[in-house]
Amino acid sequence: NPSSSSSTQNSVVPELPGFYYDSEKNRYFRLLPGHNNYNPLTKESIQYKAMECKRLRLLEEEEKQKKKTTRAGLNSSVLLQKRQLGLLSSTSYCRLVHELKVNCMQRRKIEIHSPDSSVAGTNNFKIIVADVACERIFTVNDVEHGGCKYGIINLSGLGKESLTVEMYDNLYFTNRKVLSCSILGRNLLFSLTHFSKLCLMGIAETPGCASLLPASLFSSTNPGDRPGMLCSFKISTAWSCAWCLNPQADNCFSTGLTRRVLVTNVVTGHRQTFGTSSDVLAQQFATQTPMLYNGCRSGEIFSIDVRQRSRKGQSWKAIRLFHDSAVTSIRLLEAEHYIMAADMAGKIKLWDLRTAKCVKQYKGHHNEYAILPLHVNEEEGLLTAVGQDCYTRIWSLQDAHLLRTIPSPHPSSKDAIPSVVFSSRLGGSRGVPGLLMAVKQDLYHFSYN
């Protein structure tokens, strides 16, 4: 067999320092460090070529293979039979149905309509995030000359055959780069911005700010009726932010800075400072207790009771967990007994806060230096994360089984990492289930089959 003999030959080819063996041409090529016009062959270009070949192959497989499942014997008829026999609880049945459907999701490109034709498809998507009811998608788009634009996408057109959505005119523009944003309720957006050196509006007084924005500020069809932002606080260089929804410490938000945490009351303007030994890259408030959880560049995760006065030493840290690499994202589960954390080594761990032990690890995620979010859908029993390699991966929350690896429709690059939203109700209570993916200027819907 020619193929088996060639593969055997390739497997025993010795590695030579400074040379690369091309299996297709059956010869060695010299590798030079860096990039130059005379010999463009570098380790980076070889790795990129291999990754691109893999991506194209996976895309081709997804087109051909309409149904796939990573668990043997998992199909809808078996699940229904077990449910009727009482072998599966309603919760387990729903979770496994979602798992089956996720494996069968098919990609379709969405046509974006806009009242202003100059808006749709003109700027690259940076962040997409859904409101609480998943009726609308808030977007952050990069602007060519620096800064960002905000927008809102109405998902009511997702259930139709034409598969179109309506994107409202971006009336709100910031001359800063948006680092992160989160949705508070249905009509409020909490945003953290950094100063952009490329913007044309001059040098700002501060490197960044944390702002609370009403949705009507950048979606109203009548600019004359637009209110101003509800609040905006100048913040020195920040890495992360979080808004507190706990009634015991409401009207507060936190920003993770270089070696400190800053908790600000937006009504009184009072600020609490907690000194840390490392930069705080990820934050989230609990809703049942007045606790703030923080993930650090050092790999430490710790919690703060924001009601306390004393902040001397490290005694104010209520819970302390440790990763081997910088923690880039943390997500509390609904009951708040568990916290999910991802780091720059590509590890995703589920921690039990009661015992301070790791109970599950979700393998396959890829990260080296980027701050990438985690998306937890407890009702559907799914965890979703986009890696630095631009692959979107979906795991089972219950047993950490990798269910699906979705290649990006665009070639992988630093500025083309997809932003995703998953929900079983995209467009509201009567919406359609699936995954939304924004890459470059395009929006895709991975629909349940």
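Worth pointing out:
- Pro214 meets the conditions (1) at pLDDT below 75; (2) over 24 Å from Phe274 (Cα atoms) in every case but one. The failed one is (1).
- Unique residue being under 21 Å from Thr392 (Cα atoms), surrounded by fewer than 20 Cβ atoms within 10 Å (Cβ to Cβ) and small (Gly, Ala, Ser) when the list is Ala345, Ala356, Ala341, Ala335: Ala345
- Test: residue in the range 267-282 that is surrounded by 21 or more Cβ atoms within 10 Å (Cβ to Cβ), within 19 Å of Ala210 (Cα to Cα) and in contact with a helix residue (DSSP H, G or I) (Cβ under 9 Å, 6 or more places away or on another chain): no
- Residues within the range 81-94 that are open to solvent by less than 80 Å² (accessible area, probe 1.4 Å) and over 25 Å from Ser156 (Cα atoms), tallied: 6
- Residue within the range 95-109 that is open to solvent by less than 60 Å² (accessible area, probe 1.4 Å), acidic (Asp, Glu) and modelled with pLDDT under 85 present: no
- Scanning the range 429-447 for residues that are within 21 Å of the chain's Cα centre (by Cα) and either of a type in the set (Phe, Trp, Tyr) or assigned to a loop (DSSP other than H, G, I, E, B) (or both) yields a count of 4.
- Counting only residues that are open to solvent by 90 Å² or more (accessible area, probe 1.4 Å) and either at pLDDT below 75 or in a loop (DSSP other than H, G, I, E, B) (or both), the range 41-54 holds 2 of them.
- Search result, residues across the range 252-266 that are in a loop (DSSP other than H, G, I, E, B) and either small (Gly, Ala, Ser) or surrounded by fewer than 17 Cβ atoms within 10 Å (Cβ to Cβ) (or both): Thr258, Arg259
- Matching option when the condition is among the charged types (D, E, K, R), within 21 Å of Ile110 (Cα to Cα) and within 15 Å of the chain's Cα centre (by Cα), among Asp415, Asp343, Asp389: Asp415
- Residue among Lys160, Lys177, Lys149 that is among the basic types (Lys, Arg) and modelled with pLDDT of 80 or more: Lys149
- Among the residues making up the range 96-114, those that are closer than 16 Å to Ser76 by Cβ and among the aliphatic types (A, V, I, L, M) are Leu96, Val97, Leu100, Val102, Met105.
The values are calculated or read from the model by the stated rules, or taken from the named source; none is laboratory data. Owing to the predicted nature of the structure, the values given are computational and were not obtained by experimental measurement. Virtual Cβ from ideal backbone geometry, glycine too; neighbours counted across all protein chains shown. Only protein heavy atoms, including side chains, enter the accessible area calculation; ligands, DNA and RNA are left aside. Shrake-Rupley method; radii C 1.70, N 1.55, O 1.52, S 1.80 Å.
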